[in-house]
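In what follows, a structure is listed as structure tokens, so that the remarks can point back to it.
The values are calculated or read from the model by the stated rules, or taken from the named source; none is laboratory data. Small disclaimer: the values here were computed from a predicted structure and weren't measured. So basically every Cβ, Gly included, is an ideal-geometry build from the backbone, and we count neighbours across all protein chains shown. In case anyone asks, the SASA skips ligands and DNA or RNA and just uses the protein heavy atoms, side chains included. Shrake-Rupley method; radii C 1.70, N 1.55, O 1.52, S 1.80 Å.
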Amino acid sequence: MEEEKIQKFIQDYFKNRGLKLPEELQQSSTNTVSSPVSQFDPDVVRQILAFSQFQDGPARYQDEYARLRSWTYTSLDLYRHELLRVLYPVFIHCFMDLVAKGHIQEARTFFNSFREDHEMMHLRDLQKLEGVLSPSHLEEMEFAHSLRQSKVNIKICQYSYELLLQFLHKSQSTTMLGIINEHINFQVSPGQPSSITDDAEAVTLMGGSQESANQINQKEIHWGLLEDSLEERLEKVGGMALDSERAEGETKEGEGDENKKKSIEGGKQGASIKKQKKDKAVSATMKSARPEATPVPTAPRVKPELTLPVIPTEVEQSILEDLRNRVQLSSAALPSVSFYTFINTHNGLNCSSISHDGSLVAGGFSDSSLKVWDMAKIGQQSVGSDLQGENGTASSEQVAGSNGGKRPYTLFQGHSGPVYSATFNPLGDFILSSSADSTIRLWSTNLNANLVCYKGHNYPVWDVQFSPVGHYFASASHDRTARIWSMDRIQPLRIMAGHLSDVDCVQWHSNCNYIATGSSDKTVRLWDVQSGECVRIFIGHRSMILSLAMSPDGRYMASGDEDGSIMMWDLSTGRCVTPLMGHTSCVWTLAFSGEGSLLASGSADCTVKLWDITASTKLPKAEEKSGSASRLRSLKTLPTKSTPVYSLRFSRRNLLFAAGVLSKSV
């Protein structure tokens, strides 16, 4: 009986590895009397039998992984956080190996025994793998298939690496050793273990595309501002304006008594003069602060790759006036915040958007409607409970009859599915909305009508964003593509394909030559608008990316994910400058201040956080020395009562607008 088992094991061994069976063994399969197995040493026979049973038994996965897990959690504190990085990739590959070999019940038992260890960091991945119930699923499910074809890059110090190998050999954990050898690529570094704050970029699940990602990140990009932009014109005029203001200041000192008399004669005139003086003081501090920050705004100038629309003269003058009166923000001068709260939405609000000057607020709803509130009229309503701002409340549809048949908002109807995103153009006279019906619609806020319906995506469109100059816009969809459009064409100009899962968010670069996309595949990509090629891949997030923001000078990009992590990226190198940790739930929105010194983040944890970007980008060495350095860059946390933050926007004068929906369940 033992000889038959050994014979079968040897035959299967040769067959599985594609080897030719020796003639002696081929003959022994028909003539068991003269079997060469009987000539083996008894000790060898016992070892072959033990090995064959071990090779066939699924219990070894559970036993060896349990030993590895126990050893890792009881390791020295200095090395534990590095060794823990190994557990998750080993866990998922043990599970998939068991499924591939047909041990479905054992695979489910293994999965349920250890899944709690990884739910905090990898819940979405575990929910996907939970649906793998047969070997065929491993091939049919793209996520599982890509995992099996991939290698995990793990950063680890030399001593942690040696400790791990020593344990695996000493405990004879051959199965774990095989999985690690096949699916993990260790990036061993000399010296002490890395900081715990580096964990976000220490483990990257990238398959054979890691090398291609590195090659892509070698491509040249031009991250500067556009030539002859309004900001550049303002900088040129800045010196002359500063001299004229100084001359004005000297003359006004001599006329101080006359101003006092005028202010006594007319109270309103006096108030306006005080306001002017206050504005002058603010602008003076702004001007005096600018020379110190000269290295930051001196971004290179680039030519536009798109044909940009012509800005009307009166609009240009208005924007320049706003830029001249911009308040200079810093860690010592934080912005004022105007927060708009949607109430009584009955869980129907999916998204919100705020115009560049904060005068209009839009909401996209599950009933396929888009509603726009005019902040100038919102204080005129006396009853109701649909949108609440700092100036008062707006009436809901329930009191439309008592108000002459007028609603407190403009209702746009046309979509046939929930509205997931809305965006105003820079002038506020157009608004775009995207929906589950796979279309994008352009609306006029002046005519209160739908102008165009853009069709091209095959699945729900999660996000749509106007370019900084208007006219062009970008969309992100469940069909794993991003597309670039212009208002005057119903077909997309470019299709960006390359993400492995949904494209959840999209953002334009400041110079309109690039767009960034965030995906459920945990990567952010930067695309060239002209060629449609991917020029950067940013790897480091551990969950789906929900929000993106570009710095005004175009050098940095911030991305927020489902776990509450924010990462600051340098576009020129494709590397993470620093992770910003502090939120405890999804980061739904990000916004840079006008001069780029602050970053605001809004989250489902009902807070708005302000981050010091100048400190975050200039002090990377301090982060290495102190594990809590990144947390010190959070300047202020602004909690709401019970309102997850849906959208943020800095006005051109650096007032921060925010919007969210009151949630009683939070």
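Can you list the helices (runs of 4 or more DSSP H) found entirely within region 34-93 that contain at least 1 residues being at pLDDT 80 or above?
Where helices (runs of 4 or more DSSP H) fall fully within region 34-93 and carry at least 1 residues being at pLDDT 80 or above, they are 59-73, 77-83.
Just to be sure I understand, how many residues within region 436-451 are under 20 Å from Ser355 (Cβ atoms) and crowded, with 16+ Cβ neighbours inside 10 Å?
The initial filter retains those residues of region 436-451 that are under 20 Å from Ser355 (Cβ atoms), namely 440-451.
Subset that is crowded, with 16+ Cβ neighbours inside 10 Å: 440-443, 445, 450.
Matching residues across region 436-451 total 6.
Filter region 592-612 for residues that are under 22 Å from Ser510 (Cβ atoms) and open to solvent by 10 Å² or more (accessible area, probe 1.4 Å) and give the result.
Of everything in region 592-612, those that are under 22 Å from Ser510 (Cβ atoms) and open to solvent by 10 Å² or more (accessible area, probe 1.4 Å) turn out to be Phe592, Gly594, Glu595, Gly596, Ser597, Asp612.
Of all residues being among the hydroxyl-bearing types (Ser, Thr, Tyr) and not in a loop (DSSP other than H, G, I, E, B) in region 438-454, which is nearest to Asp488 (Cα to Cα)? Just the residue, please.
So, considering only residues that are among the hydroxyl-bearing types (Ser, Thr, Tyr) and not in a loop (DSSP other than H, G, I, E, B), the one nearest to Asp488 (Cα to Cα) is Tyr454.
Take Leu126 and tell me if it is part of a helix (DSSP H, G or I) and closer than 25 Å to Ser194 by Cα.
So Leu126 fails the test.
Return the residues of region 363-392 that are modelled with pLDDT under 50 and of a type in the set (S, T, N, Q); say none if nothing qualifies.
If the condition is that a residue be modelled with pLDDT under 50 and of a type in the set (S, T, N, Q), then Ser382, Ser385, Gln388, Asn391 are the ones that fit.
Just the residues that are out of contact with any His (no Cβ under 9 Å at 6 or more places or on another chain), polar (S, T, N, Q), surrounded by 14 or more Cβ atoms within 10 Å (Cβ to Cβ) and closer than 21 Å to Asp125 by Cβ, please, taken from region 143-184.
Hits for region 143-184 are Ser146, Asn153.
For region 94-123: of the residues being outside any helix (DSSP H, G or I) and in contact (Cβ under 8 Å) with a residue 40 or more places away in the chain, which is most open to solvent (accessible area, probe 1.4 Å)?
Restricting to residues being outside any helix (DSSP H, G or I) and in contact (Cβ under 8 Å) with a residue 40 or more places away in the chain, the top hit is Lys101.
Cβ-Cβ below 8 Å, separation at least six or inter-chain, first residue in region 63-76 and under 19 Å from Asn112 (Cβ atoms), second open to solvent by less than 40 Å² (accessible area, probe 1.4 Å) and among the β-branched types (Val, Ile, Thr): which pairs?
So the pair list comes out as Glu64/Thr175; Tyr65/Val90; Leu68/Val86; Leu68/Val90.
Residue-wise test of (1) β-branched (Val, Ile, Thr); (2) loosely packed, with under 15 Cβ neighbours inside 10 Å; (3) over 29 Å from Ile515 (Cβ atoms); (4) modelled with pLDDT of 80 or more.
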residue: Pro291; (1), (2), (3), (4): no, yes, yes, no
residue: Pro295; (1), (2), (3), (4): no, yes, no, no
residue: Ala299; (1), (2), (3), (4): no, no, no, no
residue: Pro304; (1), (2), (3), (4): no, no, no, yes
residue: Thr307; (1), (2), (3), (4): yes, yes, no, yes
residue: Ile311; (1), (2), (3), (4): yes, no, no, yes
residue: Glu316; (1), (2), (3), (4): no, yes, no, yes
residue: Asp322; (1), (2), (3), (4): no, no, no, yes
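Which members of region 466-475 meet the condition of being of a type in the set (Phe, Trp, Tyr) and open to solvent by 10 Å² or more (accessible area, probe 1.4 Å)?
Going residue by residue through region 466-475, those that are of a type in the set (Phe, Trp, Tyr) are 466, 472-473.
Hits for region 466-475 are Phe466, Tyr472.
How about region 476-558: which strands (runs of 3 or more DSSP E) wholly inside it have at least 1 residues that are closer than 17 Å to Asp570 by Cβ and open to solvent by less than 10 Å² (accessible area, probe 1.4 Å)?
514-519, 523-528, 534-539, 545-550
Please go through region 559-568 and pick out each residue that is touching a Cys at 6+ places or on another chain (Cβ under 6 Å) and either open to solvent by less than 10 Å² (accessible area, probe 1.4 Å) or over 14 Å from Gly518 (Cα atoms) (or both). Please lay out each step first, then the result.
As a first pass, look at region 559-568 and keep what is touching a Cys at 6+ places or on another chain (Cβ under 6 Å): 562, 567.
Scanning region 559-568 gives a single hit, Met567.
Here is a list of conditions, (1) modelled with pLDDT of 65 or more; (2) in contact with a strand residue (DSSP E or B) (Cβ under 8 Å, 6 or more places away or on another chain); (3) in a helix (DSSP H, G or I), and Thr175 meets all of them except one; can you say which number that is?
If we test Thr175 against (1) modelled with pLDDT of 65 or more; (2) in contact with a strand residue (DSSP E or B) (Cβ under 8 Å, 6 or more places away or on another chain); (3) in a helix (DSSP H, G or I), just (2) comes out false.
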